[in-house]
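Engineer: Next up is a structure, given as structure tokens.
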Amino acid sequence: MFKALFSKLAGWLGLLGGLALAALALLQVGRRQGRAQAEQKQYEADLSAGEVGRDAAETIERLGDDAVRDRARKRMRDTRGR
């Protein structure tokens, strides 16, 4: 009697254990994908910030007045540390 009961119970416990392992694996995959997406968004933001900086530098270089150009460069240096 115990053998039959144990055999049925072991099958269900094995099934539940397998389901728990599959759920944990899915959670791990989701975390990994979320991390990869966050890194990709950060990389794109960094590229965008670089483009904005280059555009600002080009605009400063095109300014004709030296005083205005120097003031703009100083302002860019001040905001870079933020």
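Engineer: Scan (1) at pLDDT below 85; (2) open to solvent by 100 Å² or more (accessible area, probe 1.4 Å); (3) of a type outside the set (Phe, Trp, Tyr) for the single condition Leu26 breaks and write down its number.
Structural biologist: Failing condition for Leu26: (1).
Engineer: Filter region 59-81 for residues that are assigned to a helix (DSSP H, G or I) and either open to solvent by less than 100 Å² (accessible area, probe 1.4 Å) or aliphatic (A, V, I, L, M) (or both) and give the result. Show your work before the answer.
Structural biologist: Pass one, region 59-81, residues assigned to a helix (DSSP H, G or I): 59-62, 66-80.
Within region 59-81, Thr59, Ile60, Asp66, Ala67, Val68, Arg69, Asp70, Ala72, Arg73, Met76, Asp78, Thr79 meet the criteria.
Engineer: When you check Glu44 against the structure, is it more than 23 Å from the chain's Cα centre (by Cα), surrounded by 10 or more Cβ atoms within 10 Å (Cβ to Cβ) and assigned to a helix (DSSP H, G or I), yes or no?
Structural biologist: Judged against the criteria, Glu44 is not a match.
The values are calculated or read from the model by the stated rules, or taken from the named source; none is laboratory data. Here the structure is a predicted model, which means the values were calculated and not measured. For neighbour counting, all protein chains shown are included, and Cβ atoms are generated from backbone atoms with ideal geometry for every residue, glycine included. Accessible surface is based on the protein model in full, side chains and every heavy atom, while ligands, DNA and RNA are left aside. Shrake-Rupley method; radii C 1.70, N 1.55, O 1.52, S 1.80 Å.
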